[in-house]
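Okay, so here's the structure we're looking at.
The values are calculated or read from the model by the stated rules, or taken from the named source; none is laboratory data. This is a predicted model, so every value here is computed, not measured. Every residue, glycine among them, receives a Cβ derived from its backbone with ideal geometry; neighbour counts consider all protein chains shown.
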């Protein structure tokens, strides 16, 4: 099996996953809280959404898992939605702020 990806590689592929309602990727929105990469090829990501009850919860979660699973060395991707800490616009990256016109 290929070597496990780096955290940077996981975050880079997650930049291809956008929140469809906002049109900005989940990394620059500040939604990704933690990336855990195991030697067995399991990658677990803790992330949040901009609002509880987001109707696209399952779509965003599955799209993120599928994106991670495209990386060499990934056997399985798991995305956990967490609500603590709650998301605020302060969590946007500089690129996220630029994309949203802040």
Requested in this report: Hey, could you check region 53-70 for residues that are part of a loop (DSSP other than H, G, I, E, B) and out of contact with any strand residue (DSSP E or B) (no Cβ under 6 Å at 6 or more places or on another chain) and say which is farthest from residue 2 (Cα to Cα)?
Outcome: 53
Query raised in the report: Do we have residue 95 as touching a strand residue (DSSP E or B) at 6+ places or on another chain (Cβ under 8 Å) and on the phi < 0 side of the Ramachandran plot here?
Result: no
**Report entry** So residue 42, is it closer than 26 Å to residue 102 by Cα and surrounded by 13 or more Cβ atoms within 10 Å (Cβ to Cβ)
**Finding:** no
**Report entry** Cross-chain or 6+ apart pairs with Cβ under 8 Å, region 78-95 first and part of a helix (DSSP H, G or I), then at pLDDT below 95 and loosely packed, with under 12 Cβ neighbours inside 10 Å
**Finding:** 89/102
Query raised in the report: Any residue in region 32-39 that is assigned to a loop (DSSP other than H, G, I, E, B) and in contact (Cβ under 8 Å) with a residue 24 or more places away in the chain?
Result: yes
Query raised in the report: Could you say which residue among 29, 49, 100 is in contact (Cβ under 8 Å) with a residue 60 or more places away in the chain and over 24 Å from residue 5 (Cα atoms)?
Result: 100
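Residue by residue, here is whether (1) within 15 Å of residue 35 (Cα to Cα); (2) more than 13 Å from the chain's Cα centre (by Cα); (3) surrounded by 12 or more Cβ atoms within 10 Å (Cβ to Cβ) holds:
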position: 67; (1), (2), (3): yes, no, yes
position: 70; (1), (2), (3): no, yes, no
position: 76; (1), (2), (3): yes, yes, yes
position: 79; (1), (2), (3): yes, no, yes
position: 84; (1), (2), (3): no, yes, no
position: 94; (1), (2), (3): no, yes, no
position: 97; (1), (2), (3): no, yes, yes
position: 101; (1), (2), (3): no, yes, no
Query raised in the report: So residue 50 clears everything in (1) surrounded by 14 or more Cβ atoms within 10 Å (Cβ to Cβ); (2) at pLDDT below 95; (3) in a helix (DSSP H, G or I) except one condition, right? Which one?
Result: (3)
Query raised in the report: Is it the case that region 32-39 has a residue that's modelled with pLDDT under 95 and either more than 15 Å from residue 59 (Cα to Cα) or surrounded by 19 or more Cβ atoms within 10 Å (Cβ to Cβ) (or both)?
Result: yes
Query raised in the report: Looking only at region 1-14, which residues are within 8 Å of the chain's Cα centre (by Cα) and either over 20 Å from residue 82 (Cβ atoms) or buried (at least 20 other Cβ atoms within 10 Å of the Cβ) (or both)?
Result: 14
Query raised in the report: Restricting the search to region 15-31, which residues are assigned to a loop (DSSP other than H, G, I, E, B), surrounded by fewer than 20 Cβ atoms within 10 Å (Cβ to Cβ) and touching a strand residue (DSSP E or B) at 6+ places or on another chain (Cβ under 9 Å)?
Result: 15, 16
